[in-house]
Amino acid sequence: MSSFFGQHLHLALFGQSHGEAIGITMDGFPAGMTIDMDRLAAEMKRRAPGQSSLTTPRKEADVPEILSGVLDGRTTGQPICAIIRNTNTRSKDYGEGVDLVRPGHADYTGHVRYYGFEDWRGGGHFSGRLTAPIVFAGALCSQWLESQGVQIASHIQRLGSVIDDSFMDHPDADVSGLKAMHLPVLRQGLDAAMEQEAMQALQAQDSIGGVIECRITGLPAGLGAPFFDSVESVLSHLMFSVPAVKGVEFGEGFGFAALRGSQANDPFRMEEGKVVTTSNHSGGVLGGITSGMPVIFRCAVRATPSIGQTQQTVSLCTGENAELNIHGRHDPCILPRAVPVIEAMAAIGVMELWKERQACVK
Ligand SMILES: Cc1cc2nc3c(=O)[nH]c(=O)nc-3n(C[C@H](O)[C@H](O)[C@H](O)COP(=O)(O)O)c2cc1C
């Protein structure tokens, strides 16, 4: 079922963009963690819309109401359920019902899949808005993982033609300032060039995509499994669940195709009694299992489907070809809002892998 995830940390995601509320239930979260509410609110804010000209002007406070699983600020170990009310909806931007399907969006496939009964308003259950409860759950997982020494950081490695440095070449890059940046980049000043390119796309009534790179440090060796529940499988399952993510690669990724074994292998070494590798082409995963080196992966994020330009489509009502002009409020560039979502998904994935490892103690 598409709205459930996890065998050890169980998530259920619900709601639609223009319904009463969206939310998540998370079962299997450890008991006794004091939630840092300020940091939780800061994460929600990073994803929230209306923060710059590169994101939709739609204003949503995105304040989660925790309905269960937390008592006196601490997790109880029982299912945590949180909802976020939809306070700013303008369904009239979308017409009377789904008729002219948006190229690149899920209007057509969702209509076919649900026999025409889908909640089509504002993208319904397919909307990027559903990533708000994911950030809520991910922020809790991140806080717990940090108590175990795990740190997750991301940056926009590419926006259009502007390319940032990579964690592959800068494994120890300072990530302390990234969360505060609207367009988080490793190379100082590059965010201005990215902003300029995104603004050019916006002025042309177009949208723009790019790549988000994520680094997870402090992971012990031994999380994951071969085959179906490999670290890559679990994490890319979650990454491909993020609307607009179209590609995921680990370490050298597709670059492995050009490397010989002698170039691709990461030599092992003992360092202060610990097994490390002197390079990290594999991105911290060998045989589906963490090696103890940083896990590094990248997600390709497509340009926003809803654009201002006139587009060719079909009318589901008349069965004829048609032209589409979109009037709703959309993100010209999804990347800045997707960064905290990728981090949240990474935290959820690591938590799932962590609990799986705990469940098979020797
Ligand atoms: C945070 C976030 C915000 C998004 N905002 C928009 C938007 O404003 N307009 C739009 O057309 N798509 C937006 N999307 C992308 C669509 O939801 C997505 O492209 C669509 O559901 C089709 O899914 P697919 O791209 O995975 O095939 C957003 C995605 C995310 C993660």
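What follows is calculated from the coordinates using simple rules that are stated; it is not laboratory data. From a predicted model like this one, the values you see are computed outputs, not experimental measurements. Note: ideal-geometry Cβ built from the backbone for every residue, glycine included; neighbour counts use all protein chains shown.
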Legend entry - Listed residues 326, 83, 296, most fluctuating in the chain (Gaussian network, C-alpha, under 10 Å): 326
Inset, instruction - Scan the chain and report its longest stretch carrying no GluC sites (Glu not before Pro) that are both in a DSSP loop and have at most 11 other Cβ atoms within 10 Å. - result: 97-271
Legend entry - Given 12 as the ceiling on other Cβ atoms within 10 Å, longest exposed-site-free region of the chain for chymotrypsin sites (Phe, Trp or Tyr not before Pro) in DSSP loops: 118-362
Inset, instruction - List the trypsin sites (Lys or Arg not before Pro) within the stretch 201-274 that fall in a DSSP loop (any state other than H, G, I, E or B) and whose Cβ has at most 12 other Cβ atoms within 10 Å. - result: 260
Legend entry - FRET efficiency, 1/(1 + (r/R0)^6) with R0 30 Å, evaluated for residue 237 and residue 169 via beta carbons: 0.65
Inset, instruction - For residue 246 paired with residue 274, estimate the spin-label separation in nm (one decimal), with each label point 7 Å from Cα along the Cα-to-Cβ line. - result: 3.9
Inset, instruction - Mind giving me the nanometre distance, one decimal, between the label points for residue 192 and residue 262, set 7 Å out from Cα along Cα→Cβ? - result: 4.5
Inset, instruction - Please name which of 219, 231, 173 has its Cα lying farthest along the dipole of the stretch 173-231 towards the positive end, using unit charges on Cβ (Lys, Arg +1; Asp, Glu -1) and the Cα centre as origin. - result: 219
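Please tell me the relative contact order of the stretch 90-359 in percent, rounded to the nearest whole number, where contacts are Cα pairs under 8 Å and at least six residues apart.
Answer for the stretch 90-359 is 28 percent.
Semi-axes, largest first, in whole Å: what does sqrt of 5 times each Cα gyration tensor eigenvalue give for the stretch 161-203?
On the way: eigenvalues 96, 29, 8 Å².
They are 22, 12, 6 Å, listed largest first.
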Inset, instruction - Would you look at the GNM of the chain, springs on alpha carbons closer than 10 Å, and say which of 64, 332, 226 moves the most? - result: 226
Inset, instruction - Return one number: the angle in degrees, 0 to 90 and rounded to the nearest 10, between the long axis of the Cα atoms of helix 190-203 and the longest principal axis of the Cα atoms of the chain. - result: 20
Legend entry - Approximate spin-label separation residue 181-residue 147, in nm, with each point projected 7 Å along Cα-to-Cβ: 3.1
Inset, instruction - Place a +1 charge on the Cβ of each Lys and Arg in the stretch 90-359 and a -1 charge on the Cβ of each Asp and Glu, then give the dipole magnitude about the Cα centre in debye, rounded to the nearest 20. - result: 280
Inset, instruction - Would you mind checking which residues have amide H under 5 Å from residue 230's amide H? H placed 1.01 Å from N; only 5 or more apart, or other chain. - result: 225
Inset, instruction - Sort all Cα-Cα distances of the stretch 238-362 into consecutive 5 angstrom bins from zero, then give the percent of pairs in each bin up to the one containing the longest distance. - result: 2, 8, 12, 14, 14, 13, 10, 7, 6, 5, 4, 2, 1, 0, 0
Inset, instruction - For the stretch 90-359, list log₁₀ I(q)/I(0) at each q in 0.07, 0.08, 0.15, 0.17 Å⁻¹, using the Debye formula over Cα point scatterers of equal strength and ignoring solvent, two decimals each. - result: -0.29, -0.38, -1.12, -1.32
Legend entry - Equivalent-ellipsoid semi-axes of the stretch 14-137, from the Cα gyration tensor, Å, largest first: 30, 17, 11
Inset, instruction - Could you give the size of the charge dipole of the stretch 273-344 about its Cα centre, using +1 on the Cβ of each K and R and -1 on the Cβ of each D and E, expressed in debye and rounded to the nearest 20? - result: 380
Inset, instruction - Output ³J(HN,Hα) for the stretch 27-36: one whole-Hz value per residue in order, computed from phi by the Karplus curve 6.51 cos²θ - 1.76 cosθ + 1.60 with θ = phi - 60°, and x for Gly and Pro. - result: 10, x, 6, x, 7, x, 8, 7, 7, 7
Legend entry - Proximal aspartates and glutamates relative to residue 355, as straight alpha-carbon distance under 20 Å, when same-chain residues fewer than 8 apart are discounted: 27, 146, 229, 232, 343
Inset, instruction - Calculate the dipole size of the stretch 139-232 relative to its Cα centre from +1 charges on Lys and Arg beta carbons and -1 charges on Asp and Glu beta carbons; express the result in debye to the nearest 20. - result: 140
Legend entry - Degrees, to the nearest 10: 335-359 long Cα axis against longest axis of the chain: 50
